[in-house]
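Below is one structure, written out as C-alpha cells; comments come after it.
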Amino acid sequence: MPVDAIELLAPVFAITAVGTMVLIGLKMRYTYKANLMHREDPQQVERLTDAVEQLHEDFRVLRGEVTELHERVDFAERMLTSGNQKAE
C-alpha cells in the first residue's frame, strides 16, 4: 500500500472512530435515561410527596411552638427584670 493511500485513509479511520464513539455514548445516555424513566414507581412518588408534605406541616407546627416559647421567655425575663427593679 503506498504511503499516499495511508495518509488519505488515516483521517477517514480517525473520523469514523470518533463518530462511532459519539454514537455509542449517545446510545448509552439514551438507554440510561429510558431506564430511569421506567423505574419510577408512581406509588413511591406519591409516598414521597406525602412524606414531604407531612414534614412541611411538622415544621410549621414546630415553628409555632418555638415562637410561643420565645414569647414566654421574653415575658419571664420582663417579669424577673421588673421584680429585681422593685426589690432595689
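Details
- Test: residue in the range 12-26 that is aliphatic (A, V, I, L, M), without any contact (Cβ under 8 Å) to a residue 12 or more places away in the chain and not in a helix (DSSP H, G or I): no
- So residue 77, is it over 37 Å from the mean Cα position of the chain (by Cα), exposed (fewer than 10 other Cβ atoms within 10 Å of the Cβ) and of a type outside the set (A, V, I, L, M): no
None of the figures in this text is laboratory data; all of them are computed from the coordinates on show. Computed from a predicted structure; not experimentally measured. Virtual Cβ from ideal backbone geometry, glycine too; neighbours counted across all protein chains shown.
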